[in-house]
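Peer 1: I am attaching a structure below and will ask some questions about it afterwards.
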Amino acid sequence: MHRLRTTVVRLRPITAPQTAKSQSQARLAAVGGALRTFQPMRSYTASVSAEPFLNGTSSNYVEEMYYAWLENPRSVHKSWDIFFRNANAGAPPGAAYHSPPLAGAALGLANAQAMVGVQPNVEKLVEDHLAVQSLVRAYQIRGHHVAQLDPLGIMAAIDPGPPPSDIITSNDKLEFYGLDESDLDKVFRLPTTTFIGGSESTLPLREIIQRLEMAYCQSIGVEFMFINDLEQCQWIRQKFERPGIMQFTLEEKRTLLARMVRSTRFEEFLQRKWSSEKRFGLEGCESLIPALKTIIDKSSMNGVESIIMGMPHRGRLNVLANVIRKELDQIFCQFDSKLEAADEGSGDVKYHLGMWHRRINRVTDRNITLSLMANPSHLEAVDPVVQGKTKAEQFYCGDTEGNRVMSILLHGDAAFAGQGVVYETFHLSDLPSYTTHGTIHVVVNNQIGFTTDPRVARSSSYPTDVAKVVNAPIFHVNADDPEAVMYVCNVAAEWRATFHKDVVVDLVCYRRNGHNEMDEPMFTQPLMYKQIKKQKGVLQKYAEKLIAEGAVTRQEYEEEIAKYDKICEEAHARSKDEKILHIKHWLDSPWPGFFNMDGQPKSMTSPSTGLTEEELGHIGHIASSVPVEDFTIHGGLSRILKGRAAMVGQRVCDWALGEYMAFGSLLKEGTHIRLSGQDVERGTFSHRHHVLHDQNVDKRICIPMNHIAPNQAPYTVCNSSLSEYGVLGFELGFAMASPNALVLWEAQFGDFHNTAQCIIDQFICPGQAKWVRQNGIVLLLPHGMEGMGPEHSSARPERFLQMCNEDPDAYPKFSAEEFAVRQLYDCNWIIPFRKPLIVFTPKSLLRHPDAKSSFDDMLPGTHFQRLIPDSGPVCEKPDGVKRIVFCTGKVYYELTRERKNRGMDNTVAIARIEQLSPFPFDQVKVETDRYRNADLVWCQEEHKNQGYYDYIKPRLRTTVDRTRPVWYAGRGPAAAPATGNKAAHLVELQRFLDTAFNLDAFTGQS
C-alpha cells in the first residue's frame, strides 16, 4: 500500500517566547519591510506591522502570514516566500532564510546579522503550524485506512499491508511529527482547511486528534483528497468534520429501525418458505434497503421526480419489495414451480426482472417514479443502459441539469473492480452528450466475489478505486452501523444535488450465506465464515442500541416485526391464487399509448415512406449548404457540398444524401433522432459531415440538419468516447425511453461491435422475450470485403442471423396482404414495430458511381424493398434464364460488372435480398417461380462458414419446397474473416466470380 509521507518530518511545534522590547525593535529593523499585504485574514503595511513585534506577539502574524502564503505565495513579501518555501522543504533551522535582492533602502550588515539571529525562533513557529497542518492532512488523506469499516473485524475490505504509522496510534503519530505526550495539552491554531473546531479557531492537540479520529476513523472512511476542486473538498470536510454533525431525531431513528425490520424480515420470510430456492438474499447487508430509501427521500426532497436504478441479482427481490414497492404476492408467486407462463415471452429468473412504479414518497409527500432495470447475470452490463435511459428521460422532459431525473447504480465489490464496462461508464459521466449530471453508486461490498478473496480479485486497495478517474468522492461505511449508513447516504444525495457529479457509497458488509442459498462457503473461506457464524445480525444490534437509548421499547420493536410478518403472510396467501405468470407485470420501460390494450400494435399495415418532390429538394438543399452566415468551411468540404447539390439537381441520392433525406423527413415530422458512435459527426469514411466546423473560430459548429424546418424535432449527433460496450449500452437505454424516436449507434467498423457483444447477446437480441422490453435501437455496422484485412472487413452477419428466432424449415402461413408486417411483428429484431434493426452499411459503396437511387424510388407511394428483383433483359424471356444468383450487399455490383463483361445479361438473373431477416419468403418465391428453369445460387463474398450462407440455404430450400438444390458461390471456409494480403483478396474474388458465372458448375452439364 502506498503511504503518502509529508515533506516535513520530526517537526516539534513550539510556542514563540516573549522577548524584550529592545529585541523586538532589533528584529523589526532587521526584517524591514518584510510584512506586506496578505489575504484573507488581514492587511498589513510596513508601517503598521511594527506593533506586533514591539509587543512580542509576532507569532500570530507569522502564523497568519503562513496560512496566507499557503493559499497564495504572492500574498507575502518575497523574503517570507523564500523562507516558507525552504522551511516547507525541510531546511534545517537557520538555513531557511535567504535575503532577496533589495530595492530602495538596503539592509545594513548589522541588521542582516540580527535577522540571522532571529531565524531559529521564527522557524520554530512555522514548524509548529506545519506539524499541525500535516497531522490534519494525514487524517483527511489516510484516515479511512484505519476506520472501523469491517463488521467482521478481519479487515478484508482493504489491502492487507501495514496501516499508516503516522495516524495509527498516539505514540507513533506523535513521534512521526516530532511530538511527544507533553505537547498534547498545548493549544494550536487550526488551519483553514479543517472544520473540526466548529466555531473555535484554536484547540489543544489532544482535542484535535480526538476530533480527527471521530471524523475519519470510526464507522465512516472518506476518500476525497484526490479531488482537484477546493470548493468540493471544503464541502466534504464540512459534512464530516464539524462536531456533532451526525445527529438524528427520534423519529428518524424509529423510521430507520422500521426499514431495517422490513429488510431483515423479508429475507427471513423467504428463507422460511423457500429454503431450497435460489434468491440471492441480502443477509449481511440488510442496511442496503434503508440506504436506498434515504437516497430516494433526500433526492425527492431536492426535487427529483424520477429515479432509474440498476443492480445485480443480490438483494434484488428485497429492493423490489421494500424500495420499488412491488406487490409482495407478485414476488412470492414467482417461487411457484407450477406457475404457467403467459405468451408474452420466455421470461427470466425472478432475480433478473425489473419493475416500473409511480407512487407517493411518504417522507416528502411527492410523486416519484422508480424504475429498476431488468438485467442478465453479466454483472455491470446494465450500468450504461441505466445511464442511457436516464439521459433520455432528462432529454424528453427538458431536464438539462438533472434536477428532475437521476440514476442510482448498485454494484458488487468484485464486479465493480473487475468489469471494464464500469470504467467505460464512468468516462461517459461528464461528456456533454452522455452526462446524466451525477450518479449515486452504491457498492454492496461483501468482501468476496463468489469464492474469490479480494487479495486475488483486484490490485487496488479498494474495489471502488476506479471511481477516482472522474474525481468522484468515495464514502466507505460499516454496514453494521445503520445510522452511519443513513448519514453517508444523505451526504451522497446532497453531493449529487449540489455538484451534479458521481459519488460512491461503499457499504462494507459480509455475505451470510454462500454465493446462493445452496452454496457452501466454508469450502473456500473457512475463517471468514467461522466469524460470520458468530456475527449478531445488524437488526438485533441496532434494536438493542435504540432500546438502551430509550428511543423505542422492546414491545414496540416486537410489534413492528409482527406487523410486517403479517403483511408477508397475507401476501403469501394471495400469491397462491396466481395461476399464470405475466411478464408484462415486470416491465421496466412501459410505452403507454403505443400498443392496444391487448398488447398488439395499433396497426398491422406498413405505410409508405415516400416524400414529395418538394420535400426531397428542400432537404437536399439543406444537405448541400451551410445555413449559417459568416461560417467558413474547409475547401474540401465545399467540393463535397457542391457534389451533393449536383446530385439533387440530377434527382439522385448516394448513401450519405439518402441518409440525409431519411433523417430530415423524420425531424420535419417531429421525430427526434440521436446518432452516436466513434466519429459519427463526420463519418469514419468522411462521407457524412453532419457537423460543420468553422475553420477560423474554435468550437464554432453548425449542424445543418437542425435547420430543416421551424418546428422540427432536434437532431442529436455526437461523437462518443472510444468505447463500444459502454456506448452501445447507453444508446440501448436511451432507445428504451420512448417509441417516438430514432436512436442509432454506428460502429467505426462493423468488426468493432464484437467488444459490445454482451449488449447484443444479452439485451438487444432476447430483450423482448426475456423482459417484454420494447426497443427500436438501430445498429449501423460498416461491412464489406475490400482487401482491408481481417479487422476491417466483416460485421459478422452470421452472428446476428444465427440469433434470429425464425424457423428456416417452415414457410409462414400469412395472407399476402399482411405477410411482411406479420413477419416483422413476430421476429426478434427489425422494423417497423420498434424492433432492433441491424444494418450492414457500405464502405466503398459510399462513393460507387452505380450505388445511387433516383428520387422516383422515394416519392409518395413507395416502400422499403425487401427484395430488389432483376429488371434487365432477363425479364423479357425468364424461361431462358439458366441461373438466378441471389445475393446481398456490395457483391451485387461485382456480379453485375462480371456479368456484363461475360456477355451473360440474358442468361443469368441477379436478385438482391435487402431484408435478410425476417426472410422474405413470399418475394423470393416470386423470383424462383419466375425463373423455374434456372439453377438457384447463393453468392457471397464472405467465407462459407461466415456471412449468410448457412442462414439463406435452408430458407431458399423451404421456399421451393425442397424441389431444387441451392448452390454456393463464394470464398471457402476460413478462420479469419478476411486475408490481409490485397493480391490474395483479388484472387479469391475472381475465383468465386468464376464459380458464380460458370454455367457448367454444379450441374455437370455442357
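Just so you know, all these numbers are worked out from the coordinates, no wet-lab data involved. Owing to the predicted nature of the structure, the values given are computational and were not obtained by experimental measurement. All Cβ positions, even for glycine, are placed from backbone atoms using ideal geometry, and neighbour counts span all protein chains on display.
Peer 1: In the range 613-841, how many lysine pairs have Cα atoms under 29 Å apart, counting only pairs 8 or more places apart or on different chains?
Peer 2: Values: LYS642/LYS668; LYS642/LYS699; LYS668/LYS699; LYS668/LYS835; LYS770/LYS813; LYS770/LYS835; LYS813/LYS835.
Lysine pair count for the range 613-841: 7.
Peer 1: Explain nothing, just compute: Karplus ³J(HN,Hα) = 6.51 cos²θ - 1.76 cosθ + 1.60, θ = phi - 60°, for every residue of the range 690-707 in order, whole Hz, x for Gly and Pro.
Peer 2: 7, 10, 9, 10, 5, 6, 10, 10, 5, 6, 8, 10, 9, 10, x, 4, 8, 10
Peer 1: If you don't mind, another one. Among the listed pairs LYS389/LYS566; LYS278/LYS944; LYS350/LYS468; LYS391/LYS852; LYS239/LYS545, give every one whose C-alpha distance is greater than 32 Å.
Peer 2: Working: LYS389/LYS566 37 Å; LYS278/LYS944 44 Å; LYS350/LYS468 34 Å; LYS391/LYS852 37 Å; LYS239/LYS545 24 Å.
Violating the 32 Å Cα-Cα cut-off are LYS389/LYS566; LYS278/LYS944; LYS350/LYS468; LYS391/LYS852.
Peer 1: Then there's this: Only counting other Cβ atoms within 10 Å, I'd like LYS239, LYS501, LYS391 sorted with the fewest neighbours first.
Peer 2: On the way: LYS239 23, LYS501 20, LYS391 27.
Starting with the residue having the fewest Cβ neighbours, the order is LYS501, LYS239, LYS391.
Peer 1: Mind running the shape call on the range 562-714? Use the C-alpha gyration tensor, a ≥ b ≥ c as the square roots of the eigenvalues: rounded below 1.5 for a/c, prolate if a/b tops b/c, oblate otherwise. Write out the running numbers ahead of the final one.
Peer 2: Numbers: a/c = 3.92, a/b = 2.34, b/c = 1.68.
Verdict is prolate for the range 562-714.
Peer 1: Tell me which residues come under 5 Å, amide H to amide H, from VAL652 once H is placed; ignore anything under 5 positions away on its chain.
Peer 2: HN-HN under 5 Å from VAL652: PHE855.
Peer 1: Follow-up question, since we're still on this one. For Cα pairs less than 8 Å apart in space and 6+ apart in sequence, what is the mean separation divided by the residue count of the range 613-841, i.e. the relative contact order in percent? Don't skip to the end; give the middle numbers.
Peer 2: Values: 360 pairs, mean separation 38.5, N = 229.
Once normalised by length, the contact order is 17 percent.
Peer 1: Just how large is the dipole of the range 267-325 about the Cα centre, in debye to the nearest 20, putting +1 at every Lys and Arg Cβ and -1 at every Asp and Glu Cβ?
Peer 2: Numbers: 9 positive and 7 negative charges, 34 e Å.
Taking the Cα centre of the range 267-325 as origin, the dipole is about 160 debye.
Peer 1: Separate question: Ranking LYS813, LYS273, LYS882 by Cβ neighbours within 10 Å, fewest first, what do you get? Display every interim value, and only then the final one.
Peer 2: Working: LYS813 7, LYS273 14, LYS882 17.
In increasing order of surrounding Cβ atoms, one gets LYS813, LYS273, LYS882.
Peer 1: Here is a follow-up. Under a Cβ-Cβ cut-off of 12 Å, what is the net charge of the residues other than HIS848 that fall near it, where Lys and Arg count +1 and Asp and Glu count -1?
Peer 2: On the way: positive: LYS843, ARG847, LYS852, LYS890, ARG897; negative: ASP654, GLU786, ASP850, GLU894.
So the surrounding residues net to +1.
Peer 1: Under the rule of at least 5 residues apart or a separate chain, name every residue whose amide H is placed under 5 Å from the amide H of VAL552.
Peer 2: ILE547
Peer 1: Can you sort VAL132, VAL349 from fewest to most other Cβ atoms within 10 Å of each residue's own Cβ? Walk me through the numbers on the way to the answer.
Peer 2: On the way: VAL132 23, VAL349 14.
Neighbour counts put them in this order, fewest first: VAL349, VAL132.
Peer 1: Which of rounded, prolate, oblate describes the range 867-997, given a ≥ b ≥ c as roots of the alpha-carbon gyration tensor eigenvalues and a/c under 1.5 marking rounded, otherwise prolate only if a/b is larger than b/c?
Peer 2: Details: a/c = 2.04, a/b = 1.30, b/c = 1.56.
Oblate, because a/c is 1.5 or more while a/b does not exceed b/c.
Peer 1: Another question about this same structure. By average Cβ neighbour count within 10 Å, what is the ranking of 669-675, 588-594 from highest down? Could the numbers behind the result be given before it?
Peer 2: Working: 669-675: 17.3, 588-594: 15.6.
Per-residue Cβ counts within 10 Å, averaged per peptide and sorted highest first, yield 669-675, 588-594.
Peer 1: Here is a further query. Note down the relative contact order for the range 458-526 as a percent, whole number, built from C-alpha pairs under 8 angstrom at least six residues apart.
Peer 2: Details: 59 pairs, mean separation 21.4, N = 69.
So the answer I get is 31 percent.
Peer 1: When a/c is below 1.5 the answer is rounded, else prolate if a/b is larger than b/c, else oblate, so apply that to the range 613-841 with a ≥ b ≥ c taken from the square roots of the Cα gyration tensor eigenvalues. Don't skip to the answer; put the middle values down first.
Peer 2: Values: a/c = 1.84, a/b = 1.55, b/c = 1.19.
It is prolate, given that a/c is not under 1.5 and a/b is the larger ratio.
Peer 1: Here's something else I'd like to know. Tally Lys/Arg at +1 and Asp/Glu at -1 over every other residue whose Cβ is under 12 Å from the Cβ of LYS545; what's the total?
Peer 2: Working: positive: LYS253, LYS536, LYS541; negative: ASP480, ASP481, GLU483, GLU544, GLU549.
So the surrounding residues net to -2.
Peer 1: Output wanted: per-residue J couplings in Hz (rounded whole) for the range 370-382, from phi through Karplus 6.51 cos²θ - 1.76 cosθ + 1.60, θ = phi - 60°, x for Gly and Pro.
Peer 2: 10, 10, 9, 6, 5, 7, x, 6, 6, 4, 6, 5, 7
Peer 1: In the neighborhood of ALA656, defined by Cβ-to-Cβ distances under 12 Å, what is the net charge if each Lys or Arg adds +1 and each Asp or Glu adds -1?
Peer 2: On the way: positive: ARG644, ARG682, ARG688, ARG847, LYS852; negative: ASP654, GLU659.
Here the charged neighbours net out to +3.
Peer 1: Can you give me the relative contact order of the range 867-997 as a percent, contacts being Cα pairs under 8 Å and 6 or more apart?
Peer 2: Averaging sequence separation for qualifying contacts and normalising by length gives 27 percent for the range 867-997.
Peer 1: Apply the Karplus curve 6.51 cos²θ - 1.76 cosθ + 1.60, θ = phi - 60°, to the phi angles in the range 714-722 and return the couplings in whole Hz, x for Gly and Pro.
Peer 2: With the stated coefficients, the range 714-722 comes to x, 10, 10, 10, 8, 5, 9, 5, 6 Hz.
Peer 1: For TRP967, list long-range residues whose amide hydrogen, built 1.01 Å from N in the peptide plane, is under 5 Å from its own amide hydrogen.
Peer 2: The answer is LEU936, VAL937, TRP938.
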